[in-house]
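Enquirer: Below you'll find the structure I mean.
Please treat every number below as a calculation from the coordinates, not as lab data. On a predicted model such as this, the values are computed, not experimentally measured, just so you know. Every residue, glycine as well, gets a Cβ built from its backbone with ideal geometry; the counts of neighbours run over all protein chains shown.
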Amino acid sequence: MSPIRRLVPLADEAKRKGKKVYHLNIGQPDIPTPKEFLDGVRNAQLEVLAYSPSQGLPAAVEAFRTYYEEWGIALSPEEILITTGGSEAVLFALNVACDPGDQVLVPEPFYPNYNGFSRLAEVELVPITTSREEGFHLPPRGEIERLISDRTRAILFSNPGNPTGTVYRGEELELLAELALKHDLFLIADEVYREFVYEGTHRSVLSFPELSEHAIMVDSISKRLSACGARIGAIVSRNPRVMDAARRCAMARLSPPTLEQLGLAAFMGHPRHREVLEEMVEEYHRRRAVLAQELARIPGVSFRVPEGAFYMMLGLPVADAEAFVRWMLTDFPGEETVMLAPGEGFYKTPGLGRDEARIAYVLNERDLRRACEVLKQGLEIYQEVAPAAPV
Ligand SMILES: Cc1ncc(COP(=O)(O)O)c(C=O)c1O
């Protein structure tokens with residue numbers, strides 16, 4: 001089960017007992033979905049809510065194409081296929097790139113749903129371990145290369161990273177590109193947080209001309225449009241064989257959601273769309289500063305302020321972060337509590353991340369400050385009642 005959702009029943013129980021739970025555990029933004037998108041859905045003139053073409057409505061494909069053009073990435077419509085969220089794009093990418101029994105390298109900690117998708121594709125994930133101390137940046141070439149076997153087909157990574165917030169530097173992406181070419185691997189870049197970069201710049205895997213055969217990009221509007229329920233994403237590649245295989249997967253599931261594609265087309269057709277996207281990013285930029293300031297007040301919590309996305313991995317002054325997260329939901333006294341995502345589930349290597357938790361800064365500034373205050377109190381009390389926890 002996803003470590004992000006597994007403890008939800010405990011949070012539901014706390015709420016039944018009248019507690020307010022600050023949800024810092026899940027990347028569900030509280031920011032309103034842009035009116036331009038919702039108007040596109042509301043104003044849809046349809047007599048029949050029909051299937052869309054398997055690869056997406058031409059207007060939605062065009063919306064993605066013009067979006068990438070704004071990022072300086074030129075694509076043809078055949079190189080873009082609309083999926084049911086970025087989730088389906090990851091699933092398609094793994095199925096297209098790999099046969100059952102193949103291996104895929106993935107920097108850990110990683111987005112835990114990659115586990116489920118790799119199970120469905122019958123692919124083995126092989127972790128490239130990264131650490132909080134190194135800002136979750138990639139290890140040297142030798143450490144990655146020694147993990148490559150004759151069964152390795154791809155390197156899957158999210159950039160900016162979930163749960164790390166790390167944005168890979170140019171030289172890290174160049175290293176991955178070199179390895180992909182040398183060992184003939186696909187690079188599956190999950191770029192759903194592309195807009196959310198506060199330091200440095202984001203470089204898309206599609207900006208490497210030499211990777212035209214090897215790059216597969218996963219995208220989604222869930223986060224950048226605060227439209228997680230829309231279920232609209234994309235798989236993008238310049239490799240015609242990849243796109244041909246992806247289209248076959250797409251035909252098997254018939255169609256991505258129709259109404260939300262119309263919403264996206266309306267949004268991207270609106271002259272204010274870039275402004276709206278930038279306002280959204282600015283809001284997270286402010287929240288990141290608030291969170292860093294508030295966390296710095298909590299004794300024993302260690303973290304670095306990541307460059308992007310809206311997540312932070314924290315080192316907690318407890319031996320078992322999951323036990324602490326559970327305790328906050330079941331035993332923490334008071335009217336309010338906080339829910340975090342325990343760190344261990346973001347790692348494949350056993351034992352790693354046990355004293356870590358992920359925070360998603362998806363709440364407004366006032367709630368974020370209050371949540372940090374509650375977390376501070378929780379840690380103080382927990383360290384008294386759980387004396388085994390090393391501080
Ligand atoms: C790194 C990453 N990839 C993909 C997804 C899936 O997003 P969706 O299916 O909502 O587009 C998420 C959602 O949290 C994510 O964090």
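Enquirer: Tell me the net charge near residue 286. Cut-off is 14 Å between Cβ atoms, residue 286 excluded, with +1 for each Lys or Arg and -1 for each Asp or Glu.
Expert: On the way: positive: 287, 288, 366, 369; negative: 30, 278, 279, 282, 283, 294, 365, 367.
Value of the local net charge: -4.
Enquirer: Which parts of the range 245-261 would a label at residue 59 reach, counting a residue when its backbone N lies under 11 Å from a point 7 Å out along Cα-to-Cβ?
Expert: 259-261
Enquirer: All other residues with a Cβ under 11 Å from the Cβ of residue 97 taken together, and with Lys, Arg as +1 and Asp, Glu as -1, what is their net charge?
Expert: 0
Enquirer: Note the angle between two axes, namely the Cα long axis of helix 240-252 and the longest principal axis of the Cα atoms of the chain, as a number of degrees from 0 to 90, rounded to the nearest 10.
Expert: 70
Enquirer: Once you order the gyration tensor axes a ≥ b ≥ c over the Cα atoms, which shape class does the range 35-269 get: rounded for a/c under 1.5, otherwise prolate or oblate by comparing a/b with b/c? Let's see the in-between values first.
Expert: Numbers: a/c = 1.93, a/b = 1.57, b/c = 1.23.
Note, shape of the range 35-269 comes out prolate.
Enquirer: Ok, one more. Compute a Gaussian network model of the chain, connecting alpha carbons closer than 10 Å, and tell me which residue from 161, 378, 345 fluctuates the most.
Expert: Looking only at 161, 378, 345, the largest GNM fluctuation is found for 378.
Enquirer: Another question, then. List the pairs from 35/223; 19/376; 15/348; 15/35 whose alpha-carbon separation is above 23 Å, in the order I gave them. Don't skip to the end; give the middle numbers.
Expert: Working: 35/223 15 Å; 19/376 17 Å; 15/348 32 Å; 15/35 31 Å.
From the list (35/223; 19/376; 15/348; 15/35), the Cα-Cα distance tops 23 Å for 15/348; 15/35.
Enquirer: Could you work out [θ]222 nm for the chain from helices alone, using -39500 (n - 2.57) per DSSP H run of at least four and dividing by all its residues? Round to the nearest 500 deg cm²/dmol.
Expert: Working: 12 runs with 149 residues, N = 391.
So the helix-based figure for the chain works out to -12000 deg cm²/dmol.
Enquirer: Further question on the same structure: Based only on other Cβ atoms within 10 Å, what is the fewest-to-most ordering of 219, 30, 320, 355? Numbers along the way, then the final one.
Expert: Numbers: 219 26, 30 11, 320 17, 355 21.
Result, fewest neighbours first: 30, 320, 355, 219.
Enquirer: Which trypsin sites (Lys or Arg not before Pro) from the range 236-272 combine a DSSP loop assignment with at most 14 other Cβ atoms within 10 Å?
Expert: On the way: sites: 238, 241, 247, 248, 253, 272; in loops: 238, 253, 272.
Here the trypsin sites (Lys or Arg not before Pro) that fit, given the DSSP loop and packing criteria, are 253, 272.
Enquirer: Using Cβ counts within 10 Å as a stand-in for footprinting exposure, how do 54, 131, 220 rank, fewest first? Intermediate results must be reported in sequence, preceding the final value.
Expert: On the way: 54 18, 131 13, 220 26.
Going from least to most buried by this count: 131, 54, 220.
Enquirer: A further question follows. State which stretch of the chain is the longest one without any exposed GluC sites (Glu not before Pro), exposure meaning a DSSP loop state and at most 12 other Cβ atoms within 10 Å. Mind showing how you got there, number by number?
Expert: Numbers: sites that count: 47, 133, 134, 199, 335.
The reported range is 200-334.
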